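Contents: one structure, followed by commentary.
The values are calculated or read from the model by the stated rules, or taken from the named source; none is laboratory data. Bear in mind the structure is a predicted one, so any value in this text is a computation, not a measurement. Neighbour counts are summed over all protein chains in view; Cβ atoms, including those assigned to glycine, are modelled from backbone coordinates with ideal geometry. These area figures cover heavy atoms from the full protein model, side chains too; ligands, DNA and RNA do not enter into them. Shrake-Rupley method; radii C 1.70, N 1.55, O 1.52, S 1.80 Å.
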Amino acid sequence: MKLKKHLVIFGLTFSILMTTSIGMGNQPASAATLFSDDFETGSSVNWTAGGGTWSVVQDNGSYVYYQSSTNEGRTSAGSQSWTDYSVQADVKVVNFNGSNRAYVAGRYKDGNNFYAASLYNSNGGTLEIRKKVNGSTTTLASKSNFGLSTGTWYTVKLEMAGSTIHMYVNGVLQLTATDTSLTSGAVGLDAYKTLTEYDNIIVSDTTSSTTSTLTSTTTPTSTTSTSTYSDLGHQVLASGDGWAAYSTGTTGGSAADSAHTYVVTNRSEFVSALGDSSNTVPKIVYVQGTIDFNVDDNNNPLGYNDYKDPNYDFNTYLAAYDPSVWGTTSVPSGPQEDARVRSEKNQKARILVNIPSNTTIVGQPGTLAQIVGGNLNLSGVTNVIIRNIEFQDAYDYFPQWDPTDGSSGNWNSLFDNITIKNSTHVWVDHCTFDDGSHPDSMNGTYYGREYQHHDGTVDISNAADLITLSYNYFHDHDKTELIGGSDSATSDNGHLRVTLHHNYYQNVVQRAPRVRYGQVHIYNNYYEGSTNSRRLCILLLVGNRLFLQDLCREQLL
């Protein structure tokens, strides 16, 4: 992949076999690349223009494919026999020329028959999945107020599998539609009256993505790629898809009947749908829109003053445990620390929700499903699926000062977005994790250390086992993923079998992942960050068996 302007390749894809004791047969392979073009030859020989004015030009030292006419410009490449595949392109609109569109097209028969992912300069910037059949155009799905800007590169992907069509922007699923009008065709670029640059075209076969052959005694029935996305709750982890597919597989709540299928829009509904930890009946919980966990039972917001113990005072806490007063050899204790712990427990009672076994939690497609300020806790359970949700801001209002943590001490928080302890067969897929509106960089410092309100995104410990994390987006976070909670937790040895594949790590500081005692399989993950980052992406501590394959890391200049 050619990197744009502000990027330089730090390390291209590489494969390192540290050990094969993870117990896998064939190595996993990514989807086959059918076609790619970054135009660095200075030529567009692979493309057939059908209108407009197309040329290969330079943009800040990189060659790009440019449509410079205010009439509709179309061009296509590839094979008419392609059926199930994705086409991805970097797209920069130089001038929308009014309310017009830039397309990335698939199953492209000709200028009158194709599917397209569209960037549309209307209603605050609109994303669309469109089809054009026999010259008639229909919008299949749309999202307004995306905030499109001219002069900005967007990575746009159109994915077609059977009748299901997905649109991704910058690696995040944005839209889904179902249509049966077109079943095969080439790829196309269409600048409808816009001046648009395209680059880094990648076409991948979605039917040939094979994963590792982890031995499985029981293979779960997996929904195929032709399933409609609206039935996401009934999909199960495919056979061979990492450690969570091993042995009995991971099916979550896919067997749920209608009485145990829920659509929830707030915290109270979410908690009610799950029931308590003993509720092992298969259940599917569709999250619709944004659910804030820092609320009371009537969905009224809660915050610092609502959780704070009457005896806790932050300034008094700072004075009591100042290293010049308290010292640096023992953790805080006494009245203020006790009050801080009670305050944190008050918050924990609201935002930490226990997830029972045989559960699927999935974001309702098209609703921008989010869980804000929540900590999903998987403790001593099995067979859980969590998909298609953005997790934001698991914010601890009451961090603890620990002068014994590291050479200079640290502020530590309690809550993760997802905590997995002593649990098995867990699949976390197509989720996003970030700090939302409270990045720790805004918090300032005390005792010379960042006052950190967030812990992990997905932390795995206490002999948790058989877990797959796939196609997730982790960004702008410090302590990202912990696999193994302590060097002294020797009981983790033989457990913590985890697969991480096709995840995107952007601007994370550390723990991507941090591994102790794990048998961890990492492949086809993508790392992007700053040269100012102070730690490596992956940190191995004790007792690990790790398989690394096909990683790509970028650093911003």
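Ranking request for peptides 519-528, 277-286: highest mean number of other beta-carbon atoms within 10 Å first, then the rest in descending order.
In decreasing order of mean packing, 519-528, 277-286 become 519-528, 277-286.
Tally up the carbon and sulfur contribution to the accessible surface of the stretch 349-497 as a whole percent, 1.4 Å probe, everything protein left in place.
Carbon-and-sulfur percentage of accessible area, whole number: 43.
To the nearest 10 square angstrom, what accessible area does Ser142 show with a 1.4 Å probe?
Per-residue accessible area (Ser142): approximately 70 Å².
Let's test the formula: R0 of 22 Å, r as the Cβ-Cβ distance of Ser324 and Lys348. What FRET efficiency results, to the nearest 0.05?
It comes to 0.10.
Can you list residues whose amide H is under 5 Å from Gln370's amide H, if they're 5+ apart or on another chain and H is modeled 1.01 Å from N?
Gly289, Thr290, Ile291, Glu390
As a quick test, which of the pairs Lys157/Lys479; Lys92/Lys193; Lys109/Lys157; Lys308/Lys345; Lys283/Lys345 have an alpha carbon distance above 20 angstrom in this structure?
The pairs that break the limit, which is 20 Å between Cα atoms, are Lys157/Lys479; Lys283/Lys345.
Under the Karplus relation 6.51 cos²θ - 1.76 cosθ + 1.60, θ = phi - 60°, what is the ordered set of whole-Hz ³J(HN,Hα) values for the stretch 340-350, x standing for Gly and Pro?
Each residue's phi maps through the Karplus curve to give 4, 4, 5, 4, 5, 5, 4, 5, 4, 4, 8 Hz.
Residues in the stretch 148-174 near a label at Asn507, defined as backbone nitrogen under 20 Å from the 7 Å Cα→Cβ point?
Correct set: 148-156, 169-174.
Determine, from the Cβ-Cβ distance of Ser122 and Asn300 and an R0 of 41 Å, the FRET efficiency 1/(1 + (r/R0)^6), rounded to the nearest 0.05.
0.70
Separation between the Ser163 and Asn422 pseudo-spin-labels, each 7 Å from Cα along Cα→Cβ, expressed in nm?
The modelled label-to-label distance comes out at 4.6 nm.
Under the classification rounded if a/c is under 1.5, otherwise prolate if a/b is larger than b/c and oblate if not, where does the stretch 297-359 fall, given a ≥ b ≥ c as square roots of the Cα gyration tensor eigenvalues?
oblate
Mind giving me the nanometre distance, one decimal, between the label points for Val271 and Arg449, set 7 Å out from Cα along Cα→Cβ?
In this crude label model, Val271 to Arg449 measures out at 3.2 nm.
Under a crude label model (7 Å from the Cα following the beta-carbon direction), how far is Ser408 from Gln80 in nanometres?
The modelled label-to-label distance comes out at 6.6 nm.
Calculated FRET efficiency, Asn46 and Ala255, Cβ-Cβ r, R0 56 Å, to nearest 0.05?
Working from the Cβ atoms, E equals 0.75.
Got a number for the accessible area of Trp47? Probe 1.4 Å, square angstrom, nearest 10.
Spelled out: Trp47, probe radius 1.4 Å, area about 20 Å².
Would any residue of the stretch 178-200 have its amide N under 20 Å from a label point 7 Å out along Cα→Cβ of Thr70? List them or say none.
190-197
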